[in-house]
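Worksheet for the structure shown next.
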Amino acid sequence: MTDIDFHAIEIEAPTYAEISTAYREIQNQLESATHSEQRYEAIQSWDQLRRNIETWECLTELRFHQDTRNDAYKKAREYCDALRPKLMELAVNMKRALIESPFRDDFERHYGLQAFAIWQSEIMTYDPVIELEMIQEATLCAEYTELLAGAEIEFRGECFNLPEIVKFREDPNRTTRLGAEQSRWSWYEQNRERLDLIFDELVKLRTIMARKLGFHNFVELGYRRMMRIDYHEGDVSEFRDAVRETVVPLCEKICQQQAEDLTLDRVAYWDESIFDLGGNPKPLGDHGWLLKQAQEMFEQMGGGLDSFFRKMVSSDLMDLKGRDGKAGGGFCTAFPSYGVPFIFANFNGTKGDVEVFTHEMGHAFQSYESRDKPLLDYLWPTYESCEIHSMSLEFLTWPYMEKFFGDDATRFRRIHLIQSLLFLPYGVAIDHFQHLIYSEPSAKPAERNAMWQEMERMYLPWREYDNLPHVADGGLWQSQRHLYLSPFYYVDYTLALTCALQFWLRSDEDRAGAIRNYVALCQRGGEAPFQELVKSAGLKSPFEKNCLVDVVRCAERFLDQA
Ligand code: ZN
């Protein structure tokens, strides 16, 4: 594999005419084939075409995120958004042809069942009748991204963007934390109408698409779009109940301890991200230093992570520092025709930088390990499985945290575990909320806020907002970008975390074995559905009775001893 330089990648936007011609040729190749090998060759040509298209799409999207104010990037993205439904139609037709092919059995033996299961799901999510709605949906998502990326928040005479202002949540001074949160949420308050309007339109559009495709509501379509293959709404609902029964009581205990440690009567919302009076641990150097420490860490971890990270550095496949006009959040994307991933983040000098970094590195490593799978569909697994790779690496790198935090590493590990546990109820609350939203698509903004408040009472009963009117009014969910951009992508984190915590436990008993299983899981990519991947890595499915109970009991024991 040759070394590439990210900055040298230039891809001309393809036209619909070019791509549809290529599709026709592949279709002909497939139809005129007289034996299996020729058919596989045709499928390989199709796969290469898809890799090229995906590389272009991901690059266009990434460049827009890197600079949301750049007009050329914005136009390129708009062109891409407008073309996407048409390309999807071509792909869906091809997938349908393969599903209905008389040679399907042979294909399934050759490529595995999972691609067919995914395609089956996918073809139900698209039809040319929703083309317009799909474009409108993408436009609204871009509007939300731009709105948030453009936020300028005044605090103590300085101007901050959203990823920057949240760093004050970890400030040891309580007045600073409250003040920064007041400024942050007053931005949401000022933009409330626009945020409500964008969301309202998204919900209506998604509901229209669902009905046009023959679904009862968007919940059903949402599950299909997420390609949930081997579990259903009922399983997810039972998992949420398990979180409520086992994790919520533990989190209440954690919050009481936290209040004691902070010498407060109770933990208010603006105290939630801080765990002792000394403030949270921070990485001991800037972003260049952090990468050097990471290099050392991966060299010691081995398992292929070492050479992979050297490549990420030499090919410049990371954009990690926050800056104005850059979109918020962190993610990993990939350019499959080059066989490399890319990491995007917004470092702000908090411990979150290390967490986001190890998280996104997990995604990146997995997609790199799967780059030579025979089908693009196996480059990534479905999202709940993807998040196992990322969250597990956060835990598997625990023994190296001294490199980033020095003497504070022990505190870092304790807080990381606590925040992971606290995340479980929040994660399922977001998931449950979406089920309510899309079951009642005509609800008014105030009714949606009331639904969110119901979720808070159910899953986050310790929450106290008093001095923050917008969130006290049920508006917190508007800061959760997944709700706008990737509906139903959330419970995935909680399912994956339940698996990652199992890796954490195993790593304590048998470190080498845990790393071996982890690398093997990454190498499987997306060739199997969630529960099958989980079991093959020697983990218990989060849907199994008592899986969560066992994991949480061990975590509790660890915290008691810490
Ligand atoms: Zn992730």
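Values in this text are rule-based calculations from the coordinates and carry no lab data. None of the values given here were measured: they were computed from a predicted structure. Using ideal geometry, Cβ is built from the backbone for each residue, glycine included, and neighbour counts are taken over all protein chains shown.
Applying the condition of being more than 16 Å from the ligand (Cβ to nearest atom) and closer than 17 Å to Cys386 by Cα to the range 478-503 and asking which residue is farthest from the chain's Cα centre (by Cα) yields Gln502. Scanning for something under 25 Å from Ser367 (Cα atoms), out of contact with any Ser or Thr (no Cβ under 6 Å at 6 or more places or on another chain) and surrounded by 16 or more Cβ atoms within 10 Å (Cβ to Cβ), does the range 74-84 turn up at least one residue? So far as the range 74-84 goes, yes, one or more of its residues are under 25 Å from Ser367 (Cα atoms), out of contact with any Ser or Thr (no Cβ under 6 Å at 6 or more places or on another chain) and surrounded by 16 or more Cβ atoms within 10 Å (Cβ to Cβ).
Listed conditions (1) in a strand (DSSP E or B); (2) more than 16 Å from the ligand (Cβ to nearest atom); (3) β-branched (Val, Ile, Thr) are all met by Thr350, apart from (1).
Scanning the range 391-410 for residues that are surrounded by fewer than 24 Cβ atoms within 10 Å (Cβ to Cβ) and within 12 Å of the ligand (Cβ to nearest atom) turns up just one, Glu394. The residue of the range 298-317 that is nearest to Gly279 (Cα to Cα), among those that are touching a Lys or Arg at 6+ places or on another chain (Cβ under 9 Å) and part of a loop (DSSP other than H, G, I, E, B), is Leu317.
This table checks each residue for (1) buried (at least 18 other Cβ atoms within 10 Å of the Cβ); (2) assigned to a loop (DSSP other than H, G, I, E, B); (3) not basic (Lys, Arg).
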{"site": "Ala450", "(1), (2), (3)": "no, no, yes"}
{"site": "Glu454", "(1), (2), (3)": "no, no, yes"}
{"site": "Arg457", "(1), (2), (3)": "no, no, no"}
{"site": "Trp462", "(1), (2), (3)": "yes, yes, yes"}
{"site": "Tyr465", "(1), (2), (3)": "yes, yes, yes"}
{"site": "Gln478", "(1), (2), (3)": "yes, no, yes"}
{"site": "Asp492", "(1), (2), (3)": "yes, no, yes"}
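Within the range 102-148, how many residues are out of contact with any Gly (no Cβ under 6 Å at 6 or more places or on another chain), farther than 26 Å from Tyr378 by Cβ and not hydroxyl-bearing (Ser, Thr, Tyr)? The total comes to 15.
Of Gly325, Gly329, Gly304, which residue is on the phi > 0 side of the Ramachandran plot, within 16 Å of the ligand (Cβ to nearest atom) and touching a residue at least 24 places away in the same chain (Cβ under 8 Å)? Even if it seems obvious, please write down each step before you answer.
Working: Gly325 fails: within 16 Å of the ligand (Cβ to nearest atom); Gly304 fails: within 16 Å of the ligand (Cβ to nearest atom).
Only one candidate qualifies: Gly329.
Confirm whether Phe365 is of a type in the set (A, V, I, L, M, F, W, C), crowded, with 24+ Cβ neighbours inside 10 Å, in a helix (DSSP H, G or I) and at negative phi. When the stated conditions are applied, Phe365 passes them.
Inside the range 223-241, residues that are assigned to a helix (DSSP H, G or I) and touching a Phe, Trp or Tyr at 6+ places or on another chain (Cβ under 9 Å) make up a count of 9.
The set of residues from the range 46-65 being of a type outside the set (Ser, Thr, Tyr) and touching a Lys or Arg at 6+ places or on another chain (Cβ under 9 Å) comprises Glu57, Glu61, Arg63, Phe64, His65. Has the range 363-370 got any residue that is within 15 Å of the ligand (Cβ to nearest atom), free of Cβ contacts under 8 Å to residues at least 60 places away in the same chain, closer than 29 Å to Cys141 by Cα and within 19 Å of the chain's Cα centre (by Cα)? Yes, some residue in the range 363-370 is within 15 Å of the ligand (Cβ to nearest atom), free of Cβ contacts under 8 Å to residues at least 60 places away in the same chain, closer than 29 Å to Cys141 by Cα and within 19 Å of the chain's Cα centre (by Cα). For the range 441-448, indicate whether the set of residues that are closer than 25 Å to Leu250 by Cα and in contact with a helix residue (DSSP H, G or I) (Cβ under 8 Å, 6 or more places away or on another chain) is non-empty. Scanning the range 441-448, I find no residue that is closer than 25 Å to Leu250 by Cα and in contact with a helix residue (DSSP H, G or I) (Cβ under 8 Å, 6 or more places away or on another chain), so the answer is no. Of the numbered criteria (1) within 16 Å of the ligand (Cβ to nearest atom); (2) among the aliphatic types (A, V, I, L, M); (3) part of a loop (DSSP other than H, G, I, E, B), the one Leu320 fails is (3). In the range 330-337, the condition of being under 22 Å from Phe412 (Cα atoms), under 24 Å from the mean Cα position of the chain (by Cα) and assigned to a loop (DSSP other than H, G, I, E, B) is met by at least one residue. Take the conditions (1) polar (S, T, N, Q); (2) free of Cβ contacts under 8 Å to residues at least 12 places away in the same chain; (3) closer than 25 Å to Met297 by Cα; Gln523 misses just one of them, which is (2).
Let me confirm something: among Gly538, Gly525, Gly474, which residue is surrounded by 21 or more Cβ atoms within 10 Å (Cβ to Cβ), on the phi > 0 side of the Ramachandran plot and either away from the ligand (no atom under 16 Å from the Cβ) or of a type in the set (A, V, I, L, M) (or both)?
Numbers: Gly538 fails: surrounded by 21 or more Cβ atoms within 10 Å (Cβ to Cβ); Gly525 fails: either away from the ligand (no atom under 16 Å from the Cβ) or of a type in the set (A, V, I, L, M) (or both).
Residue meeting the stated conditions: Gly474.
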